[in-house]
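*Asks:* Got a structure for you, questions after.
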Amino acid sequence: MNPIIQSLLDTDLYKFTMWQAMLHGHPQTQAEYTFLCRNRPEFPLADLLDEVNRELDALCQLRFRQDELGYLGSLRYIKSDFVDFLRIFNFQREFICATAQGPDLKIQARGPQVHTMGFEIYVLAIVNELYFRRFDAQAALAEGRRRLQAKIGLLHAFAQEPAERNPFEFFDFGVRRRFSRDWQREVVVALKHAAPQFFKGTSNVLLARDLDLVPIGTMAHEYLQTWQALGVRLRDFQSAALESWVHEYRGDLGTALTDVVGMDGFLRDFDLYFAKLFDGLRHDSGDPVAWGEKALAHYEKLRIDAQTKRLVFSDSLDLPRAFGLYRVFAGRTQTGFGVGTNLTNDVGLEPINIVMKLTRANRQPVAKLADSPGKTMCTDETFLAYLRQVFDVNGTA
C-alpha cells in the first residue's frame with residue numbers, strides 16, 4: 001500500500017511559518033515532542049506500532065520537490081533562504097521513535113527543533129488514518145458524505161439570513177485528525193464548489209496549492225512555549241515571542257494565539273504596541289464568548305477600533321457553533337472560524353483525540369496553561385506550578 005504521506009506539503013501552514021522563524025532566530029534549540037491520546041480508543045493504539053514505524057520510515061525518505069519549493073517560495077512571507085534550507089532537508093529517522101507501552105502507542109521526537117518540529121502533523125495524520133482503516137470504510141464514507149451534504153445545506157440556509165456588518169468566513173483546519181488523506185481532499189473540494197462565499201481556505205498547504213485556495217495559519221502553542229526556554233526571563237517569554245514574530249514577518253501572519261498562559265495572562269502582555277501590530281487573536285480553549293468579550297474590552301481599553309481587528313475561533317467547532325459565535329461578534333469585529341475534526345472526521349465513528357506537543361526545549365520543561373480542562377500538557381508539575389505563580393493564573397491541568 002502507498003504511504004499515507006506522499007508530499008511534505010501535506011501539513012499545516014503554521015508548521016512552515018514557525019519553522020522559518022525558529023531557523024532564523026534559534027536554530028540551535030533542542031526540543032522534545034510527545035504523542036498522547038486523550039480519550040479511550042476502541043482498540044489499543046499499540047496494535048498500530050508496526051504500521052506506524054513503516055510509515056515513519058517512508059516519511060523520512062521524502063524530500064521537497066521542485067514544484068513544492070516553488071509554491072512555498074511564491075508565498076510572500078516565506079524567505080528564499082528558508083526555501084534553500086528545505087531544498088536539502090529531509091527528516092532524520094534517528095530523531096523519532098515509536099514504541100508500545102502496554103496498550104498505548106508511545107511516540108517521541110527528540111533532537112534539534114528545526115529537525116523535529118515538522119514531525120507533529122504527519123504523525124497525527126498517520127496514526128489517525130491507520131486507526132480508521134480498521135473500520136468499515138465504505139459505511140463510514142457513505143455516512144460522511146451524507147453529513148457533508150447536510151453541512152452544505154446548513155450553509156445554504158445560512159446564506160438566506162440577513163448579513164451582519166462583517167462577512168462569515170470559515171476554513172478547514174482538519175489535517176491532524178482527518179479520517180483519511182483522500183477524504184479531506186473530497187471535503188475541501190466539495191466546500192470550495194458549494195459555498196465559495198463562505199469557505200475561504202485551508203490549513204493544508206498541499207490542498208491550498210492544488211485547489212487554488214488560501215493557505216491559512218500563523219503560530220501554534222509550540223512557538224510561544226519554546227520561548228520559555230530561550231534564556232529570557234520567564235515572565236517575559238510571551239512578549240519576547242511576539243516581538244520576534246513581528247520582526248520575522250513585519251506585518252504578515254498577524255494573528256496571535258492567546259492561551260499559552262490563559263487569556264488573562266496573555267492580555268497583560270498584549271499592550272498597545274502589540275495590539276496595533278497584530279491583526280487579531282485566535283481562540284483555542286475556554287469559553288469562546290467570554291474570550292471574545294475580553295478581547296473586545298481590551299481593544300476598547302486601548303482605544304483601538306475593533307472593526308479593524310479579527311477574532312479567529314478554532315476550538316472544537318462545528319458549523320452551528322460557528323454561526324452562533326458569528327451572530328454574537330460579527331457586528332462588532334471581523335471574525336473567522338477554523339473547523340477541524342467536524343469537517344474531516346465526521347463519518348459516524350468516534351474520533352480519537354490525539355496530540356503531539358512540545359514538552360521540553362533546551363532540556364527544560366515547557367508548558368501551556370489552557371483555559372479548558374484537559375488541554376494542559378507538561379511533564380513537570382513543579383514547572384507548571386511555577387508558571388502559574390509567575391503569571392498569577394489558575395491554568396487547568
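The values are calculated or read from the model by the stated rules, or taken from the named source; none is laboratory data. Computed from a predicted model, the values in this text were never measured in an experiment. Reconstructed Cβ throughout: ideal geometry from the backbone, glycine too, with neighbour counts over all protein chains shown.
*Asks:* Restricting attention to segment 27-47, and to residues there that are more than 16 Å from the chain's Cα centre (by Cα) and under 20 Å from residue 230 (Cα atoms), which single residue is surrounded by the fewest Cβ atoms within 10 Å (Cβ to Cβ)?
*Replies:* Result: 28.
*Asks:* For a quick check of your reading of the model, give me the residue pairs whose first member lies in segment 80-104 and is outside the structural domain of residue 68 (by TED's automatic domain parsing), whose second is surrounded by 13 or more Cβ atoms within 10 Å (Cβ to Cβ) and modelled with pLDDT of 95 or more, with beta-carbon atoms closer than 8 Å and at least 6 apart or on different chains.
*Replies:* Listed by first residue and then by second, the contacts come to nothing, as the list is empty.
*Asks:* Take residue 310 and tell me if it is basic (Lys, Arg), touching a residue at least 24 places away in the same chain (Cβ under 8 Å) and not assigned by TED's automatic domain parsing to the domain that holds residue 181.
*Replies:* no
*Asks:* Let me ask another. With the requirement that a residue be of a type outside the set (Ser, Thr, Tyr), under 19 Å from residue 211 (Cβ atoms), touching a residue at least 40 places away in the same chain (Cβ under 8 Å) and touching a Lys or Arg at 6+ places or on another chain (Cβ under 9 Å), what does segment 56-71 give you?
*Replies:* Selection gives 68 alone.
*Asks:* Moving to a separate point now. Take the conditions under 19 Å from residue 254 (Cα atoms), crowded, with 22+ Cβ neighbours inside 10 Å and of a type in the set (Phe, Trp, Tyr) and apply them to residue 227. Does it pass?
*Replies:* It is true that residue 227 is under 19 Å from residue 254 (Cα atoms), crowded, with 22+ Cβ neighbours inside 10 Å and of a type in the set (Phe, Trp, Tyr).
*Asks:* Can you name the number of the only condition in (1) at pLDDT 95 or above; (2) part of a loop (DSSP other than H, G, I, E, B); (3) surrounded by fewer than 18 Cβ atoms within 10 Å (Cβ to Cβ) that residue 24 fails?
*Replies:* Of everything listed in (1) at pLDDT 95 or above; (2) part of a loop (DSSP other than H, G, I, E, B); (3) surrounded by fewer than 18 Cβ atoms within 10 Å (Cβ to Cβ), residue 24 misses just condition (2).
*Asks:* Name, by its number, the condition in (1) more than 25 Å from residue 39 (Cα to Cα); (2) in contact with a helix residue (DSSP H, G or I) (Cβ under 9 Å, 6 or more places away or on another chain); (3) surrounded by 15 or more Cβ atoms within 10 Å (Cβ to Cβ) that does not hold for residue 189.
*Replies:* (3)
*Asks:* Here is a follow-up. Please go through segment 135-165 and pick out each residue that is assigned to a loop (DSSP other than H, G, I, E, B) and under 19 Å from residue 339 (Cα atoms). Walk me through how you get there before you give the answer.
*Replies:* From segment 135-165, those assigned to a loop (DSSP other than H, G, I, E, B) are 135-136, 159-165; that's our starting set.
Correct list: 159 only.
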